[in-house]
Amino acid sequence: MALVQRQSIRPSAQERRRFQRVKVHLLGRYMLADRREFPCQVINMSPGGLAMLAPGIGNVGERVVAYLDHIGRVEGKITRLLDNGFAMTVGATPRKRDKLAAQLTWLANRQILNLPEDRRHDRIVPRNPMSILKFDDGRAMACRIMDLSLSGAALAAEIKPLVGEPVTLGRVQARVVRHLEEGFAIEFVHAQLPETVEDNVSAQ
């Protein structure tokens, strides 16, 4: 088994023909078949597969569901065990694979250009930083908006939701994209308008 774990990451011949893996640095969380969840870091990915550093390693053939920064939800099966993680397939429709290819191209270009975290919109501290964060199951909790842009926000609250979890901030639908030292970041499903974003996120 140790010999297997030391093998380099080599996609199948079919995948090498169809997809090219790119080096990435994506944080996220994943769930094994027994529903245990762990944090992870994806180190390379293609629309058909990925390799991640992971503390909890399942068995070859085991189903995995992961929520990754910038990518969202992916699922597949473990194909190979590595020293500190595993490689897995990415099960997706052709349309989803095309979207993944575009996302990976953007991530690869950003890394080559050494660009900082995606800052499509300037961030501000809202006049009223207090708001309510709602979950799909009906739960709600108070939160403080540490900074805000037209595409997302950084929040501080009593608990940190799972990366990938859908939430609603005020009246704005979003999803959790990463954990921060003092809170977590969300990305809005739809970019907001400058004249209404503060009112929408602080609406009770």
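The values are calculated or read from the model by the stated rules, or taken from the named source; none is laboratory data. Note that the structure is predicted; figures quoted are calculated from it, not measured. No Cβ is skipped: glycine too gets one built from the backbone with ideal geometry, and neighbour counts run over all protein chains shown. Each accessible area value is taken on the protein alone, full model and side chains, heavy atoms only, with ligands, DNA and RNA left out. Shrake-Rupley method; radii C 1.70, N 1.55, O 1.52, S 1.80 Å.
Below is a table of values for the structure above.
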{"quantity": "Identity of the residue in the stretch 137-150, in contact with a strand residue (DSSP E or B) (Cβ under 8 Å, 6 or more places away or on another chain) and modelled with pLDDT of 90 or more, that ends up surrounded by the fewest Cβ atoms within 10 Å (Cβ to Cβ)", "calculated": "Ala142"}
{"quantity": "Scan of the stretch 26-55 for residues that are part of a loop (DSSP other than H, G, I, E, B), farther than 23 Å from Arg175 by Cβ and not acidic (Asp, Glu), ordered by number", "calculated": "Ala33, Gly48, Pro55"}
{"quantity": "Test result for Arg127, closer than 21 Å to Val74 by Cβ and of a type in the set (Lys, Arg)", "calculated": "no"}
{"quantity": "Where a residue in the stretch 70-87 is closer than 14 Å to Val42 by Cα and without any contact (Cβ under 8 Å) to a residue 24 or more places away in the chain and its partner, wherever it lies, is open to solvent by less than 20 Å² (accessible area, probe 1.4 Å) and part of a strand (DSSP E or B), with Cβ under 8 Å and at least six apart", "calculated": "Glu75/Val64; Glu75/Val65; Glu75/Ala66; Ile78/Val64; Ile78/Phe86; Ile78/Ala87; Ile78/Met88"}
{"quantity": "Options Glu198, Glu187: the member that is of a type outside the set (Phe, Trp, Tyr) and touching a residue at least 60 places away in the same chain (Cβ under 8 Å)", "calculated": "Glu198"}
{"quantity": "Residues that are open to solvent by less than 50 Å² (accessible area, probe 1.4 Å), farther than 19 Å from Val22 by Cβ and either in the same structural domain as Met141 (by the TED database) or modelled with pLDDT under 85 (or both), drawn from the stretch 72-123", "calculated": "none"}
{"quantity": "Any chance Pro126 is closer than 30 Å to Asp199 by Cα and modelled with pLDDT of 80 or more", "calculated": "yes"}
{"quantity": "Evaluation of Val64 against (1) over 16 Å from Val163 (Cβ atoms); (2) of a type in the set (Val, Ile, Thr); (3) out of contact with any Ser or Thr (no Cβ under 7 Å at 6 or more places or on another chain); (4) not in a loop (DSSP other than H, G, I, E, B) (one fails), failing number", "calculated": "(1)"}
